There are 2 protein chains.
Amino acid sequence: MSMTASFDGWMQTVQVHVEDALERFLPAAGTDPARLHEAMRYTVLGGGKRIRPLLVFAAGQVSGAELDVLARAAAAVEMIHAYSLVHDDMPCMDDDALRRGKPTVHIAYDEATALLVGDALQAQAFDVLAADPIVPPARLLAMLRVLAGAAGSGGMCGGQAIDLDSVGVSLTQAQLERMHQLKTGALLKASVMLGALAGRDIADTEQAALATYSNAVGLAFQVVDDVLDATADSATLGKTAGKDAAANKPTYVSILGLDASRALAQTLRGQAHEALIPFGEQGRRLRELADLIVQRKA
Amino acid sequence: MSMTASFDGWMQTVQVHVEDALERFLPAAGTDPARLHEAMRYTVLGGGKRIRPLLVFAAGQVSGAELDVLARAAAAVEMIHAYSLVHDDMPCMDDDALRRGKPTVHIAYDEATALLVGDALQAQAFDVLAADPIVPPARLLAMLRVLAGAAGSGGMCGGQAIDLDSVGVSLTQAQLERMHQLKTGALLKASVMLGALAGRDIADTEQAALATYSNAVGLAFQVVDDVLDATADSATLGKTAGKDAAANKPTYVSILGLDASRALAQTLRGQAHEALIPFGEQGRRLRELADLIVQRKA
């Protein structure tokens, strides 16, 4: 995985690595209970932009981590992300029928299976990460705590809960920011931290710089999501467009308007770049990912 | 926690320890997001027989583990168990309104909150266990894998999936056994193994003996559950009685009849006792727990 490869080349290499790792770390197709395992594989394999795995690998260039460690950590994060999408799409949450251009799990299978797929994927994520044979055990425990903290009520689940309580409520920009910091930001930040922890010792100042980068990129991700939800069509997004407005959910676009939201995304991109200056060329992939996240069309 | 105390005295001491640990290891009441945290505490605190924590502490007498380690491991297992009950009670699964004598979470709160409570409790369980400051890191990773393996598709979630596929189907006793080994047996066995791993090194022969004990107790637990479901009333059980028969689910009672089911429970109790012989007096609490599980009335 050359440092000098084009960004697209690097990204494709990472995506192949991650797909291969997911393939290996998911229960094999056909093993008992076959329907659940099939549904887990349907959920995770062959789709998605793999933004979180890309962040793991990009941060791994800062820490000089081994590719096998990064692939395992990336697979674990992606399983957490995938489970959250399955549960989020269920009728009692967003009730969505389309995800990554395919029927959602409760449509393709049934609600009970969707519930179990999510539950089993979360357990699988922790099992996969805890099984790493390379990282020193104490460091691996720190990585597990980063992942668990980002997934739980102080992270992703907490953000979902705030989101539920926000429907039809008028939020300030600060409140919206807080919700997204938990709902999507926490796992994006965890991805960066997992990559950073996977290699050499990272100094406190470096951790702080990566946290600044992660916070900026996490927010930018959400601002762009809101812009795309308001402007792109479902076919491009691979999921139902315009659903936030339809659900009367507060978004950056509803609070700031479209132009100010786009400007905010660019400001956040600048902050992300600035935070990476100390890392020089080792921060290149993280810098390029910030660009991707802000400039993406889906 | 004296080895010579009465079983009831020992049990009450453990239950107080575990309640205290759960209280400390759950997110504090009133912290943001307050409604989710309140629902997590509603789910976990102040109820249940705490069979799994009791197994952790009883096995901890075999390994000579520290009480603080056992309390943490017991809290983690109980959080996994509690989350599974919340999800299992949801409308898309068993659709149950009563649990531990209280309204289930999706009734007391709402379905989306129940979903998030379960998801957040699972993450919390792994976070709590990974944060143990006493157990050597490599051993702690082994404990995390025991818990994750028992929770995932090769354990509890897998058993739930087989259960879903079994409604209205005629199972053999062997198939029913396999379902319960995963659905409830895996987490009961994990409880024993966590207690065993929490202290001194356990020899392979000791691990095998504890596995034999766990398998017998796990099955006995389910056989007795089926007997109680067919014979006790809802008020005594603290949950809806007779629902397996109503749902046309295969049970030990439906396959073997009531008398043979009761006899099977006694046979399994004998097997559990026999497996503990090598441990002498250190196996006392495990032996007493096997008796409790077989003789319980609710």
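Side notes on the structure shown:
- The range B:107-117 - residue that is under 23 Å from residue B:48 (Cβ atoms) and more than 21 Å from the chain's Cα centre (by Cα) and, of those, nearest to the other protein chains (Cβ to nearest Cβ): B:111
- When residue B:132 is tested against (1) modelled with pLDDT of 95 or more; (2) under 24 Å from residue B:219 (Cβ atoms); (3) acidic (Asp, Glu), only condition (2) is not met.
- Residue, farthest from residue B:145 (Cα to Cα), within the range A:123-134, restricted to residues that are more than 8 Å from chain B (Cβ to nearest Cβ) and in contact with a Phe, Trp or Tyr (Cβ under 9 Å, 6 or more places away or on another chain): A:125
- Of the helices (runs of 4 or more DSSP H) lying entirely inside the range B:135-221, those containing at least 3 residues that are in contact with a Phe, Trp or Tyr (Cβ under 8 Å, 6 or more places away or on another chain) and closer than 23 Å to residue A:132 by Cα span B:137-151.
- The condition of being buried (at least 19 other Cβ atoms within 10 Å of the Cβ) and in a helix (DSSP H, G or I) holds for only one of B:284, B:269, that being B:269.
- Index of the failed condition, residue A:171 passing every other in (1) more than 7 Å from every other protein chain (Cβ to nearest Cβ); (2) of a type outside the set (Gly, Ala, Ser); (3) under 30 Å from residue B:190 (Cβ atoms): (3)
- Those residues of the range B:142-161 which are free of Cβ contacts under 8 Å to residues at least 24 places away in the same chain, crowded, with 24+ Cβ neighbours inside 10 Å and more than 10 Å from residue A:120 (Cβ to Cβ), in sequence order: B:144, B:148
- Unique match (being facing chain B (nearest Cβ under 7 Å) and touching a helix residue (DSSP H, G or I) at 6+ places or on another chain (Cβ under 7 Å)) among A:195, A:149: A:149
To keep it simple, each residue is scored yes or no on (1) in contact (Cβ under 8 Å) with a residue 12 or more places away in the chain; (2) in a loop (DSSP other than H, G, I, E, B); (3) touching a helix residue (DSSP H, G or I) at 6+ places or on another chain (Cβ under 9 Å); (4) closer than 30 Å to residue B:92 by Cα.
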position: A:11; (1), (2), (3), (4): yes, no, yes, no
position: A:14; (1), (2), (3), (4): yes, no, yes, no
position: A:31; (1), (2), (3), (4): no, yes, yes, yes
position: A:36; (1), (2), (3), (4): yes, no, yes, yes
position: A:42; (1), (2), (3), (4): yes, no, yes, yes
position: A:48; (1), (2), (3), (4): yes, yes, yes, yes
position: A:52; (1), (2), (3), (4): yes, no, yes, no
position: A:77; (1), (2), (3), (4): yes, no, yes, yes
position: A:84; (1), (2), (3), (4): yes, no, yes, yes
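- For the range A:95-106, the set of residues classified as among the aliphatic types (A, V, I, L, M) and surrounded by 17 or more Cβ atoms within 10 Å (Cβ to Cβ) consists of A:98, A:105, listed by residue number.
- Being crowded, with 17+ Cβ neighbours inside 10 Å, among the small types (Gly, Ala, Ser), farther than 27 Å from residue B:203 by Cα and at the interface with chain A (Cβ under 8 Å from one of its Cβ atoms) is true of residue B:120.
- Residue A:72 charged (D, E, K, R), more than 8 Å from every other protein chain (Cβ to nearest Cβ) and in a helix (DSSP H, G or I): yes
The values are calculated or read from the model by the stated rules, or taken from the named source; none is laboratory data. All figures in this text were calculated on a predicted structure; none of them were measured in a lab. All Cβ positions, glycine included, derive from the backbone under ideal geometry; neighbour counts span all protein chains shown.
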